[in-house]
Each structure stands twice: as structure tokens, then as C-alpha cells.
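The values are calculated or read from the model by the stated rules, or taken from the named source; none is laboratory data. Since the model is a prediction, treat every value here as computed from it, not as a measurement. As a convention, Cβ positions derive from the backbone with ideal geometry for all residues, glycine included, and neighbour counts pool all protein chains shown.
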């Protein structure tokens with residue numbers, strides 16, 4: 001099989017010779033000797049196993065087979081040059097794609113600002129989001145489906161790195177008519193007898209685990225109903241009196257009619273979010289996102 005990488009070095013000589021119909025004019029155009037042009041075209045002909053030109057005293061004429069070969073090869077060379085340019089852009093981080101796993105809200109806050117800043121700085125990079133649980137995000141990282149996951153849980157995975165980037169205060173979301181809604185803050189004892197609803201997707205399982213830890217520690221057996229619905233619909237259930245839930249920021253800063261968000265009074269009641277990615281991932285787009293995340297973390301902690 002011909003060594004294509006080797007042949008491409010000589011293809012340009014043959015293409016120009018076919019265009020000018022002369023090795024001499026090609027040599028003048030390239031500022032090299034005519035013998036150099038002739039020798040390199042001969043090497044190319046030996047590599048592909050057929051003559052590309054008929055040589056004669058007044059010049060060189062492309063053979064029928066050579067004409068077909070050079071026409072197809074010119075298209076291939078153009079595509080190769082485009083591929084090289086694109087690869088260089090990807091390496092520089094000016095284009096490419098990054099696949100992001102989410103268990104956190106993108107409405108506002110640290111993550112929303114990070115992603116918005118990243119998109120402004122690298123508009124040529126396509127960002128693809130996949131919302132899921134921590135478990136599905138782990139699976140995506142390990143099988144290469146995701147480049148990075150922003151998770152609520154603190155993960156230590158083999159072959160992966162994790163950086164805690166930001167914390168968000170915990171709120172209890174209750175119906176607007178609930179007695180708790182008028183309070184400035186609540187304790188876990190205040191909400192220990194409440195029924196809670198959580199979503200089965202995104203950060204729902206992590207919130208369920210958090211509730212179990214907090215309420216069981218207070219000697220209360222929590223009543224938790226897991227719902228296979230979106231976070232917005234979950235808050236709709238809260239407004240209709242199906243139960244309370246936990247939220248942050250509160251709930252991404254969006255307005256939810258009929259719902260009030262009351263902060264938990266105890267210190268250290270925060271959700272901590274981390275970026276997790278494979279140590280072997282060489283995607284330049286990932287490198288820039290992690291760098292920006294760490295820089296934003298430093299700014300928010302100063």
C-alpha cells in the first residue's frame with residue numbers, strides 16, 4: 001500500500017505541473033530546479049505504480065489515468081488541509097466540543113456564570129449538556145461519554161480527578177400558605193415531621209441522601225416520596241401541598257408561584273458541588289473549562 005503521508009509531499013509538484021503543462025514552468029513557479037520537480041514527480045509515480053505524465057521535448061502532458069488521479073487527489077489534499085486547520089484550532093481551544101454532565105441548576109449562580117463566561121470566551125466550542133444523576137454522570141465519565149461532570153456528591157473515582165468548586169446554601173421549599181413560610185429561617189427540628197418530595201433525576205438522589213442523614217441524625221425517620229418529574233414540576237407539587245423539598249440559591253433564583261424558600265438556620269448546611277473528570281482526558285476544551293472554574297473559585301473565596 002502506498003505511503004500516503006510520504007506521497008503528499010510531492011503531490012503539489014504534480015498538480016502544478018498538470019496545471020502549467022511544463023516541468024520548467026513549475027520549477028520557476030516554485031523557485032526550484034527543473035530536475036527537482038522531475039525527480040519528485042517520478043518518486044510519486046513509482047509510489048502509486050503508474051505514470052502521471054507523458055514527457056516530450058516541448059513539455060509534459062498528463063496521461064488519462066494521471067488526470068483522474070490528480071483530480072481526485074486534489075480533492076483529498078484540500079480535505080486534508082482543512083482537517084489540519086481544524087485540528088490546529090481544536091488544539092488551540094478555538095473550536096471543538098465539550099460534553100458536560102449536570103446534576104446542578106444552570107439558571108444562575110456559580111455554574112451558570114462559569115458556563116456563560118466560557119461560552120463568551122470560546123464561542124467556537126460546542127457545549128453539550130446531559131442532565132442526570134450522579135450515578136449516570138459517573139458512568140458517562142468512565143465510558144468516555146462525558147468530558148466532565150458537575151456533581152453534588154464528593155467523588156473519588158479511579159483514574160479521575162475532582163475539584164470542589166462552589167457551595168450553595170440549603171433552603172426548604174414549602175407552600176406559601178404553610179406556617180413555616182413566614183419564618184426567616186428554620187432548623188431541622190422544625191421540618192422533621194414534614195413530608196418531602198424529591199425528583200428521581202439530576203441531583204434528586206443526592207438530596208434524598210442528604211435529607212436522610214440530617215433527619216435521621218435528629219432522631220426522626222424522614223418521609224420522602226421520589227417523583228419521576230422535572231424540578232419545576234416538583235416545585236409545582238410543593239405549591240399544591242404534596243410536601244416540602246430542598247433547594248438552593250433559592251431554586252436557581254427563578255420565581256415559583258405558591259412556593260416560599262426558607263433557609264436552614266444551622267451552620268454548615270450547604271451543598272458542595274465539584275467538577276469531576278478523567279485524568280487521561282486530553283480534550284483542550286476541558287482543560288480551559290477546568291482552569292476557568294478554578295480561577296472563579298479563587299475569586300469567589302477572596
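Of all residues in segment 279-302, those that are within 13 Å of residue 117 (Cα to Cα) have Cβ atoms under 6 Å from Cβ atoms of residues that are in a helix (DSSP H, G or I), 6 or more apart or on another chain, in 289/118; 292/118; 293/114; 296/114. Of all the residues in segment 80-120, those that are at pLDDT below 85, surrounded by fewer than 16 Cβ atoms within 10 Å (Cβ to Cβ), in contact with a helix residue (DSSP H, G or I) (Cβ under 9 Å, 6 or more places away or on another chain) and part of a helix (DSSP H, G or I) number 3. Annotation: of all residues in segment 256-287 being assigned to a helix (DSSP H, G or I) and touching a strand residue (DSSP E or B) at 6+ places or on another chain (Cβ under 8 Å), the one that is nearest to residue 178 (Cα to Cα) is 286.
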